[in-house]
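In what follows, a single structure is set out as structure tokens and then discussed.
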Amino acid sequence: MTTVAATKKFIEATGNLAVAYAVKQVNVDFISAYPITPQTIIVEALSQYVADGELKAKFVNVESEHSALSACIGASIAGARVFTATSSQGLVLMYEELPVASGLRLPIVMALSMRALSAPINIHNDHSDFMSMREQGWIMLAAEDAQEVYDLTIMAFKIAEDERVLLPTVAAMDGFTISHTLQRVDVLDDEVVRKFVGERKARFKLDVENPLTFGPLALTDSYFEFKRQQHEAFKNSEKVIREVFKEYEKISGRKYEPLKKFMMEDAEVAIVALGSTVGIARIAAKKLREEGIKAGVIGFTLFRPTPKVEINETLKDVRTLAVFERHLSLGAVAGPHYMDIISSLDKKDDVKIYDYVYGLGGRDITTKMIVDTVKKTIEKAKKNEPMEVEFVGVRE
């Protein structure tokens, strides 16, 4: 077993460069992507690694994101370890192929620099693109900073390629806020990463010596069974994800869990968030504590599959939640975090959960906004007010 002490080194990297460095260390076989802000730097860096001979991968330039994921699907079926990256409208252009990758049980890994969806055109961060993937059959991980996106990218390959899983996986980060922000990133030695991930052993692939059929026409007599198998794969993935998190902690010293918890031991009110906002929420919780309000923070690292076990364990003694969503589910009762929590709780009758939309199109969320919203949530809960989605930081 490699010791943590043997892995101590760091680089200065943005989130985008941290992803590229991780992909190089994993030693992928095939990369295909199309440039789009704020993801472009990832594939620029990878193309440079390939050109310089630092990464022995096939880099395929294509004319669109749809073609990029199509190429990745072909390479993955052939048994290659495959990576792609995109953002916003680029992800939307991939849509036809997202469920194909999942339905074919292909362990493709994608990096997503999360960005608002058009229209109107906006290049800044919110979680609209990421949340739109939640019905497409991909395992979904979300990072708080560049360190996490480096770690999660490495773990994504090990999770996706496990034969108990075989599902495509996305590791996401906030566009610009993380993708373009420089920070210290503690990295592992190349050999440590490669030993951790291992070689891809694709038993199910195109092989003239052992013919298999991928993506056949499946009508009423068999389609349902394929979908049930995907459902079982997601159930299997819950155990695998937790195993990989624990194994990665042994080689890195960094602990990962489906839910990050901060000051939740005695919390009476919890702030729920995803991405870089989790860090701001921690500061807000400290300020609330200084005022005598027992606040804690829950940050989602694993979004799909829904971490139901951790949701119940973390919230067993919490009766008031302020859920912050950087995504607007148009026409829905509430956002995806709110709906996931409500549907996951075994005992929900005495829990007051309020949903807040913030930061669309990259608008700032401040510590004061979170503090004020939590105080408002406490008052609403005392009055037993019904939940209705509210907006934080919007001009009315």
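The values are calculated or read from the model by the stated rules, or taken from the named source; none is laboratory data. Keep in mind it's a predicted model, so treat the numbers as computed, not measured. Every residue, glycine among them, receives a Cβ derived from its backbone with ideal geometry; neighbour counts consider all protein chains shown.
In this structure, is Val318 over 30 Å from Asp189 (Cβ atoms) and not in a loop (DSSP other than H, G, I, E, B)? So Val318 fails the test.
With respect to the conditions (1) touching a Gly at 6+ places or on another chain (Cβ under 6 Å); (2) more than 27 Å from His231 (Cβ to Cβ); (3) buried (at least 24 other Cβ atoms within 10 Å of the Cβ), Asn122 falls short on a single one, namely (3).
The residues listed here are Ala80, Ala75, Ala71; of these, the one that is more than 25 Å from Asp126 (Cα to Cα), more than 18 Å from the chain's Cα centre (by Cα) and in a loop (DSSP other than H, G, I, E, B) is Ala80. It is to be established whether one or more residues within the range 107-118 are touching a Leu at 6+ places or on another chain (Cβ under 8 Å), outside the structural domain of Ala273 (by TED's automatic domain parsing), modelled with pLDDT of 95 or more and surrounded by fewer than 21 Cβ atoms within 10 Å (Cβ to Cβ). No: zero hits. Taking residues in the range 203-222 that are closer than 22 Å to Asp162 by Cα, and partners anywhere that are acidic (Asp, Glu), the pairs with Cβ atoms closer than 8 Å and at least 6 places apart or on different chains are Arg203/Glu163.
Criterion first (modelled with pLDDT of 95 or more, among the acidic types (Asp, Glu), more than 17 Å from Glu163 (Cα to Cα) and not assigned by TED's automatic domain parsing to the domain that holds Trp138) does Glu225 satisfy it? Here the answer is no, as Glu225 does not meet what is asked. Scan the range 29-65 for residues that are part of a loop (DSSP other than H, G, I, E, B), crowded, with 20+ Cβ neighbours inside 10 Å and in contact with a strand residue (DSSP E or B) (Cβ under 8 Å, 6 or more places away or on another chain) and the total you get is 5. Of note, Asp29 does not satisfy the criterion of being under 18 Å from Ile178 (Cα atoms) and touching a residue at least 12 places away in the same chain (Cβ under 8 Å). If only residues of the range 370-386 that are within 26 Å of Asp174 (Cβ to Cβ) and over 25 Å from the mean Cα position of the chain (by Cα) are counted, the one that is surrounded by the fewest Cβ atoms within 10 Å (Cβ to Cβ) is Asp372.
Scan the range 214-239 for residues that are polar (S, T, N, Q) and in a helix (DSSP H, G or I) and the total you get is 4.
If you check Glu144, Glu148, Glu163 for being at pLDDT 95 or above and surrounded by fewer than 21 Cβ atoms within 10 Å (Cβ to Cβ), only one passes: Glu163.
Every listed requirement among (1) within 16 Å of Arg319 (Cα to Cα); (2) hydroxyl-bearing (Ser, Thr, Tyr); (3) in contact with a helix residue (DSSP H, G or I) (Cβ under 6 Å, 6 or more places away or on another chain) is met by Tyr338 save one, (3).
The set of residues in the range 6-28 being surrounded by 19 or more Cβ atoms within 10 Å (Cβ to Cβ) and assigned to a loop (DSSP other than H, G, I, E, B) consists of Thr14, Val28. Within the range 321-369, the set of residues being assigned to a loop (DSSP other than H, G, I, E, B) and among the basic types (Lys, Arg) comprises Arg326, Lys347, Lys348, Arg363. Being closer than 27 Å to Arg184 by Cα, at pLDDT 95 or above and touching a His at 6+ places or on another chain (Cβ under 6 Å) is not true of Thr84.
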